[in-house]
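Encoded as C-alpha cells, the structure appears first; notes follow it.
The values are calculated or read from the model by the stated rules, or taken from the named source; none is laboratory data. These figures come from a predicted structure and were not determined experimentally. Cβ sites come from the backbone with ideal geometry, for glycine too, and all protein chains shown count toward neighbours. Only protein heavy atoms, including side chains, enter the accessible area calculation; ligands, DNA and RNA are left aside. Shrake-Rupley method; radii C 1.70, N 1.55, O 1.52, S 1.80 Å.
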Amino acid sequence: QVQLVESGGGLVQAGGSLRLSCATSGMIFGINSMGWYRQAPGKQRELVAGIARDGTTNYVDSVKGRFTISRDNAKTTVYLQMNSLKPEDTGVYYCKVSWLGQDKWGQGTQVTVSS
C-alpha cells in the first residue's frame with residue numbers, strides 16, 4: 001500500500017527549530033522527486049523545498065539559509081530541518097512525492113510559530 005506518513009510538526013517560539021519527517025511505504029522504486037509544501041491560512045499552498053533524484057535541492061527564497069531538505073540513504077524518507085523559525089512560517093506542511101508519474105501527498109502536519 002502506497003503511503004506517506006508525516007511527523008514532527010508542533011508549536012515553537014520564534015527562533016526555534018523543528019524537524020519534519022515524511023516516511024514513504026510501498027514506493028521502494030520509482031521515486032523521482034520529493035518535496036515539502038506549506039499552506040498558511042487564507043493562502044495558496046507553496047513549495048518550500050524540493051530534492052530531485054540526483055540530490056539537487058531548491059528552496060523558496062524566504063527559507064534559504066534557514067531550512068534544509070534531506071533524505072535517507074534508501075531515498076524513501078525525506079526530512080525538513082527548520083531553524084530560526086519565524087511566525088510567517090506557520091502553516092500546514094505537506095510532503096509530496098513524485099512516483100511513477102504520479103504525485104502522492106501526505107496528510108499534512110501543523111507548524112505553529114509564536115512570536
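Here are the numbers:
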{"item": "FRET efficiency estimate (nearest 0.05) - Cβ-Cβ, F29 to K86, R0 25 angstrom", "result": "0.10"}
{"item": "Calculated on alpha-carbon atoms, Rg and Dmax of segment 12-58 in Å", "result": "13.7, 38"}
{"item": "Enclosed volume per residue, in Å³, of the convex hull spanned by Cα atoms of the chain", "result": "94"}
{"item": "With every protein chain in place, the chain: carbon and sulfur % of accessible area (1.4 Å)", "result": "48"}
{"item": "Residues of the chain: accessible area per residue with a 1.4 Å probe, Å²", "result": "53"}
